[in-house]
Amino acid sequence: MPRRYHVYILSSLSGVLYVGVTNSLLHRMRQHRSLAMPGFTARNRVTRLVHCEETTDVRAAIEREKQIKGWSRGKKVALIEAGNPTWRDLAAEWFDGREPG
């Protein structure tokens, strides 16, 4: 089975956005939700998965992450709202239902 890579967008409750890429989305979400990764996401409590794309091509994933990171906030919001208009936390059911962060 080919390895899967995920390009994802996280949001804080106040709307701060973060774009990342990983080969283990569940593991990475656990890190973000527990605020275990010091830095921007922990400081801003950016823990809610609001957009995710999957590919088996690591180069495509890295390029897509760079592309989205280069976009304006408005374009990122439009991407999120195209697939998740209510900004629901797509990973909420992966854990125990507690509100993140």
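The values are calculated or read from the model by the stated rules, or taken from the named source; none is laboratory data. The structure presented is a predicted model; accordingly, all values stated were derived computationally and were not measured. Because the Cβ atoms are built from the backbone with ideal geometry, glycine has one as well, and the counts that use them run over all protein chains shown. For accessibility, only protein heavy atoms count, side chains too; no ligands or nucleic acids. Shrake-Rupley method; radii C 1.70, N 1.55, O 1.52, S 1.80 Å.
With charges set only on the Cβ (+1 for Lys and Arg, -1 for Asp and Glu), what does the dipole of the stretch 1-62 come to about its Cα centre, in debye to the nearest 20?
On the way: 9 positive and 3 negative charges, 51 e Å.
The dipole magnitude comes to about 240 debye.
Rank Ala61, Leu25, Pro38 by how far each Cα sits towards the positive end of the charge dipole of the stretch 23-77 (+1 on Lys, Arg Cβ; -1 on Asp, Glu Cβ) and give me just the farthest.
Among Ala61, Leu25, Pro38, the one farthest towards the positive end of the dipole of the stretch 23-77 is Pro38.
Please work out whether the stretch 1-83 counts as rounded, prolate or oblate from its C-alpha gyration tensor, where a ≥ b ≥ c are the square roots of the eigenvalues and a/c under 1.5 means rounded, while otherwise a/b larger than b/c means prolate and anything else oblate? Could the numbers behind the result be given before it?
On the way: a/c = 1.88, a/b = 1.15, b/c = 1.63.
It is oblate, given that a/c is not under 1.5 and a/b is not larger than b/c.
Per residue, how much accessible area does the chain have with a 1.4 Å probe, in Å²? Please list the in-between numbers first.
Numbers: 5970 Å² over 101 residues.
On a per-residue basis, 59 Å².
Calculated FRET efficiency, Ser34 and Ala82, Cβ-Cβ r, R0 41 Å, to nearest 0.05? Write down the numbers at each step before the final one.
Working: r = 29 Å, r/R0 = 0.71.
For R0 = 41 Å, the calculated efficiency reads 0.90.
Springs between alpha-carbon pairs under 10 angstrom, Gaussian network model over the chain: which of Thr86, Thr47, Thr55 fluctuates most?
Evaluated over the chain, the most mobile residue of the options is Thr86.
For the stretch 11-17, what does the Karplus curve 6.51 cos²θ - 1.76 cosθ + 1.60, with θ = phi - 60°, yield as ³J(HN,Hα) per residue in whole Hz, taken in order and with x for Gly and Pro?
9, 8, 4, 8, x, 5, 10
Determine the relative contact order of the chain: mean sequence separation of Cα pairs under 8 Å and six or more apart, normalised by residue count, in whole percent. Please list the in-between numbers first.
Working: 149 pairs, mean separation 33.1, N = 101.
Relative CO of the chain lands at 33 percent.
Express the carbon and sulfur contribution to the solvent-accessible surface of the chain as a percent, rounded to the nearest whole number, probe 1.4 angstrom. Kindly include the intermediate steps, with their values, before the conclusion.
Working: 3070 of 5970 Å².
Its accessible area is 51 percent carbon and sulfur atoms.
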